[in-house]
Amino acid sequence: MMSRILKYRELLLGAIILALIAAFSLRAPGFATPRNLAGIFNDTSILIILALGQMAVILTKSIDLSVAANLAFTGMAVAMLNAAYPGIPLPLLIGAAMAIGAVLGAVNGFMVWIIGIPPIVATLGTLTIYRGLAFVLSGGAWVNQTQMTSAFLDTPRIPLLGLPLNGWTALLVIAVIAVVFMRTGFGRALYASGGNPTAALYAGIDVGRTRFFAFVLSGTLAGLCGYLWVARYAVAYVDIAAGFELDTVAACVIGGISTLGGIGSVAGAVLGALFLGVIKNALPVIDISPFWQMAISGLVIIIAVLFNARQERRKGRLILRDAARSPAPAAAEGAAA
Amino acid sequence: MSVVEAVAEPAHPLLEMRGISKSFPGVKALDGVDVALYAGTVTALIGENGAGKSTLVKVLTGIYQPDAGDILVDGAPVRFADAQAAMRAGITAIHQETVLFDELTVAENIFLGHAPKSRLGLVDWAAMRARAGALLHAIDAPISPYARLKDLSIAQRHLVAIARALSVEARVVIMDEPTAALSHKEVEDLFRIIERLKGQGKAILFISHKFEEIYEIAERFVVFRDGRSVGAGRLAETGQDEIVRMMVGRSVEHVFPKAEVAIGGPVLEVAGYSHPTEFADISFTLRRGEILGLYGLVGAGRSEFCQALFGITRPSAGRLTLEGKALAIRSPQDAIAAGIVYVPEERGRHGAVLPMPIFQNVSMAVLGRTTRAGFLRLAEEFTLARRYAERLDLRAAALSVPVGTLSGGNQQKVVIAKWLATLPKVIILDEPTKGIDIGSKAAVHAFMSELAAEGLSVIMVSSELPEILGMSDRVMVMREGRLAGIWERDGLDAETLVRAATGNA
């Protein structure tokens, strides 16, 4: 019943996105061309990747507010590395970005797991700290297009079957995350430790460690996005992606990832991010001010939360009906067992 | 102690409910029930889970509006539009899980919502503390009005809840399973307070599952079954069997069906198990097919000891031997791998992950077994879940539906399936029948016998003496974190256990 509603919910979100695209293309012919849609997907890639990391954290009843700051720091770090040592091969730099991101994520996870600081407070702290570190690292200076190598800047733009590598990276991350969440013990532990932490504990799942690795995953993906972001905008400075952490949370909420933990699907998070991406790309095309864009995303978040709340209420009524149908369900247990 | 005095009863009830009905979509929770409460009298409300007791309390306290029927106070019909109206009429309830605030002081908790005001309309703190002190004194509760609630024990919190109930000039006091979380001694204290309230002419509605308590404290009774009142009268003239028959509509002969099981050799040996703060020097041997009852007062360290056995906390000293092999348990994973599982209290809260599909809940504790090369094999998880679903007669549309969509009884089966899937050797059940009705209790007891017959060893933590005496092959008693003794079942009586648990040698 509930899985059908969830499925229905993702279909609904998908349908809304398609309807938006159709509506926009009426006002702006050419909006719905494959080329433009691929462009929108490519443009939303970073948000999708970050939202999937955020989803892992939210599933465990936590939140990672430091993803954008992590992105800014790692982006700055790899940009400076590239500028200083142009000889370092790109795969090594990307690996370094992910490793730095993972370390910053591990710091969050350590504070939450070992020290026991509430996730919202811990990551609010590191949000400031990581941006501060980016400033310390760069001395407030920018790394410009001219200082970075062309391999560093252009590789994500190489098109493959009409989609740049940047977009393919997002597709790869979606595939890997989907397998990890649905087919590994770690994925199962994410859902269990958010859905009912006490039950997870008694079933031998280490809730704290699961949470720690959720933060590490979120940090790793933020590190990857640090590179993608700097390459995309061809500049690194302290304030890149400021406030972007809220977009990742918004994508999750719109996609039906419960902020109470334990509920949500990879498809939902991806669709939530795409929804924001479509709106962001469409509104300027049909001459609507970017301020409306923010108001619309805000409105959609509230509607999504209302939608969640209504589902919860319906669930409550369902239990009551069940109880009425079988007044002493447990009595059958002994007889049957 | 259980002396029911022949109190002269007033001829007219203080409060009367006539033909009260209340329906919810798809459920008739109350169907024309009649209840009368008399001044200076305790009336016990008895019924299985789902009989309509909680709904009645909510109607009486103005939270629900009845669809039909009348409520009369002193013979005059009244209507409670909301909880405030019922409170003004002098009807107050102490709920099962008291709704109090940890960070506020005792006085603030007592007067929250109706604090005495000064002429300027501000809270009159001095008056509030003085009146709180007087209320606590009136029920003999040695608690400071200045104390913060979070520093109080569960029993003390109950006293605060009672003081709160009395702070509104109560005439009718409803107590919804007030003894559920109390130890024997604390129950006695509570009963002294109830006697005092009776003396002050208050009408008391006492809801409990425990017959010994009902017969000890109440004069009258009302029995609910399936939303109807099926019997009422004076307890002195009514036997326990008769009430049980009214409750279930049939006679329950074997409440504790402990089957005779051949007891084998030692399975688990515990030697000198100690914890820095909670318990010390616990030693015993558990044998195959045995049910070992673990009795003690609330706070005697029973749950803490069991949690250490399961690896949730770590012991500071002691040795474990399972089937002859020394064992170090550092985490629940270790315990589950070794074959020890712990089924905690409040299976609803601690048991199932409700948004997760059934098959994932069943396989949750044995993910290692269904993983190949790092990936979960869903087919194996389904096979596992199907096996236990059939064995336990679990009824669900599909094994992929979330557990939250199942009825309570079926949810419980999912939890049991999860533990059985670990193929345990020792199963620890913490208060397995707390707060559930007689029919479900019998089912749980039958299930325990069956586990023992299959060669499992069971440690049953329980605070209910009849259950301990009926189900255990041996009984172990803990007092203040230490082992107070172990007895064989034959010839064991309740008095011995209570003396051991309280230290009244």
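We did not get these values from a lab; they are worked out from the coordinates using the rules stated. Computed from a predicted model, the values in this text were never measured in an experiment. A quick note on method: Cβ atoms are made from the backbone with ideal geometry, for glycine too, and the neighbour counts reach across all protein chains shown.
So if we plug the beta-carbon distance of B:LYS325 and B:ALA379 into 1/(1 + (r/R0)^6) with R0 = 35 Å, what FRET efficiency do we get, rounded to 0.05?
0.55
Computed FRET efficiency, Cβ-Cβ of B:ALA134 and B:GLN84, R0 22 Å: what is it to the nearest 0.05?
Values: r = 23 Å, r/R0 = 1.07.
Working from the Cβ atoms, E equals 0.40.
Once Rh for the stretch B:266-502 is found with the Kirkwood sum over Cα pairs, what is the Stokes-Einstein diffusion coefficient at 10 °C and 1.306 mPa s, in µm²/s? Present the calculation step by step, with values, prior to reporting the outcome.
On the way: Rh = 18.5 Å.
Taking Rh from Cα pairs, D becomes 86 µm²/s.
May I ask you to sort A:TRP168, A:TRP292 by Cβ crowding, counting other Cβ atoms within 10 Å and putting the fewest first?
Arranged by neighbour count, lowest to highest, A:TRP168, A:TRP292 become A:TRP292, A:TRP168.
Tell me which DSSP H helices of chain A clear both cut-offs, 27 Å or more of axial length from alpha-carbon atoms and a mean Kyte-Doolittle hydropathy of at least 1.6.
A:90-110, A:266-285
How much length is gained on full extension from A:ILE129 to A:ILE286, taking 0.36 nm per residue of separation minus their Cα-Cα distance? Present the calculation step by step, with values, prior to reporting the outcome.
Numbers: separation 157, 0.36 × 157 = 56.52 nm, distance 3.92 nm.
Full-extension gain reported as 52.6 nm.
Using a ≥ b ≥ c from the Cα gyration tensor of the stretch A:114-249 (square roots of the eigenvalues), is it rounded, prolate or oblate, where a/c under 1.5 gives rounded and otherwise the larger of a/b and b/c decides, a/b for prolate? Don't skip to the end; give the middle numbers.
Working: a/c = 3.39, a/b = 1.48, b/c = 2.28.
Oblate is the answer for the stretch A:114-249, as a/c is 1.5 or above yet b/c matches or exceeds a/b.
Got a sec? Charge dipole of the protein assembly as shown, +1 on Cβ for Lys and Arg, -1 for Asp and Glu; which of B:LEU197, A:PHE152, A:GLY226 is way out at the positive end?
Looking along the dipole axis, the top candidate is A:PHE152.
Mind checking the dipole of the stretch A:31-319: about its Cα centre, +1 per Lys or Arg Cβ, -1 per Asp or Glu Cβ, Debye to the nearest 20? Walk me through the numbers before you get to the answer.
Numbers: 15 positive and 9 negative charges, 168 e Å.
The calculated dipole for the stretch A:31-319 is roughly 800 debye.
Run the simple label-point estimate for A:ILE120 and B:ALA11 please: 7 Å along Cα→C-beta, distance reported in nm.
In this crude spin-label approximation the distance works out to 6.3 nm.
Taking 8 Å as the Cα distance limit and 6 or more residues as the minimum spacing, I'd like the relative contact order of the stretch A:31-319 as a percentage. Please report the intermediate quantities before stating the final value.
Values: 478 pairs, mean separation 98.9, N = 289.
Computed over the stretch A:31-319, the figure is 34 percent.
Given charges of +1 on the Cβ of Lys and Arg and -1 on the Cβ of Asp and Glu, with all other atoms neutral, how large is the dipole of chain B about its Cα centre, in debye to the nearest 20?
That gives chain B a dipole magnitude of about 1360 debye.
Counting other beta carbons within 10 Å of each residue's own, what order do A:SER45, B:SER167, B:SER449, A:SER66 fall into, fewest first?
Starting with the residue having the fewest Cβ neighbours, the order is B:SER449, B:SER167, A:SER45, A:SER66.
How much of the pair distance distribution for the stretch A:31-319 lies past 29 Å, counting alpha-carbon pairs only, in percent? Each step should come with its number before you reach the end.
Values: 14032 of 41616 pairs.
For the stretch A:31-319, the fraction of Cα-Cα distances above 29 Å is 34 percent.
Kirkwood hydrodynamic radius (Cα pairs, Å) of the stretch A:38-190? If you can, show how the numbers build up before the last one.
On the way: mean 1/r = 0.0590 Å⁻¹.
Answer for the stretch A:38-190: a Kirkwood hydrodynamic radius of 16.9 Å.
In the stretch B:370-469, with Lys and Arg counted as +1 and Asp and Glu as -1 at Cβ, which of these residues, B:LEU429, B:LEU392, B:MET460, has the Cα nearest the positive end of the dipole, that is, farthest along it?
In the stretch B:370-469, that residue is B:LEU392.
How big is D for the stretch B:338-388, in µm² s⁻¹ as a whole number, if Stokes-Einstein is applied with the Kirkwood radius of its Cα pairs at 10 °C and 1.306 mPa s?
D, rounded to a whole number, is 131 µm²/s.
Over the Cα atoms of the stretch A:37-96, Rg to Rh with Kirkwood Rh, two decimal places?
With Rg and the Kirkwood Rh in hand, the quotient comes to 1.08.
Arranged by the count of other C-beta atoms within 10 angstrom, fewest first, what order do B:PHE101, A:PHE181, B:PHE111 take?
B:PHE101, A:PHE181, B:PHE111
Report the net charge of residues surrounding B:GLN333, where surrounding means a beta-carbon distance below 11 angstrom and charges are Lys +1, Arg +1, Asp -1, Glu -1.
Result for the local shell: 0.
What percent of all Cα-Cα pairs in chain B falls into each 10 Å bin, going from 0 up to the bin containing the maximum distance?
Binned Cα distances yield the sequence 4, 16, 25, 25, 19, 9, 2, 0.
Dipole of the protein assembly as shown (Lys/Arg Cβ +1, Asp/Glu Cβ -1, origin at the Cα centre): which of B:VAL244, A:ILE21, A:ILE58 lies farthest to the positive side?
Ranked along the dipole, the leading option is A:ILE21.
Measuring from centroid to centroid over Cα atoms, what is the spacing of the stretch B:113-147 and the stretch B:349-422 in Å?
Centre-to-centre (Cα) distance: 52 Å.
Out of residues 5 or more away from B:ILE94 or on other chains, whose amide H comes under 5 Å of its own, with H placed 1.01 Å from N in the peptide plane?
B:ILE174, B:MET175, B:ASP176
Which whole-percent values make up P(r) of the stretch B:15-248 when all C-alpha to C-alpha distances are grouped in 10 Å steps starting at zero?
Over the stretch B:15-248, the share of Cα pairs per 10 Å bin runs 8, 32, 35, 20, 6, 0 percent.
Multiplying the sequence separation of B:ILE263 and B:ALA127 by 0.36 nm and subtracting their Cα-Cα distance, what value in nm do you get?
Between B:ILE263 and B:ALA127, full extension yields 42.5 nm more.
Once label points are set 7 Å from the Cα along Cα→Cβ at both B:LEU120 and B:GLU212, what is their separation, rounded to one decimal in nm?
Distance between label points: 5.5 nm.
Send over the semi-axes of the protein assembly as shown's equivalent ellipsoid, whole angstrom and largest first, taken as the square roots of 5 times the C-alpha gyration tensor eigenvalues.
56, 34, 27
Mind putting a number on the dipole of the protein assembly as shown about its Cα centre? Charges go on the C-beta only, +1 for Lys and Arg and -1 for Asp and Glu, and I need it in Debye to the nearest 20.
With Lys and Arg at +1 and Asp and Glu at -1, about 2360 debye.
Within the stretch A:259-275, which residues have the backbone N less than 20 Å from the label spot 7 Å out from A:ALA28 along Cα→beta-carbon, could you tell me?
A:272-275
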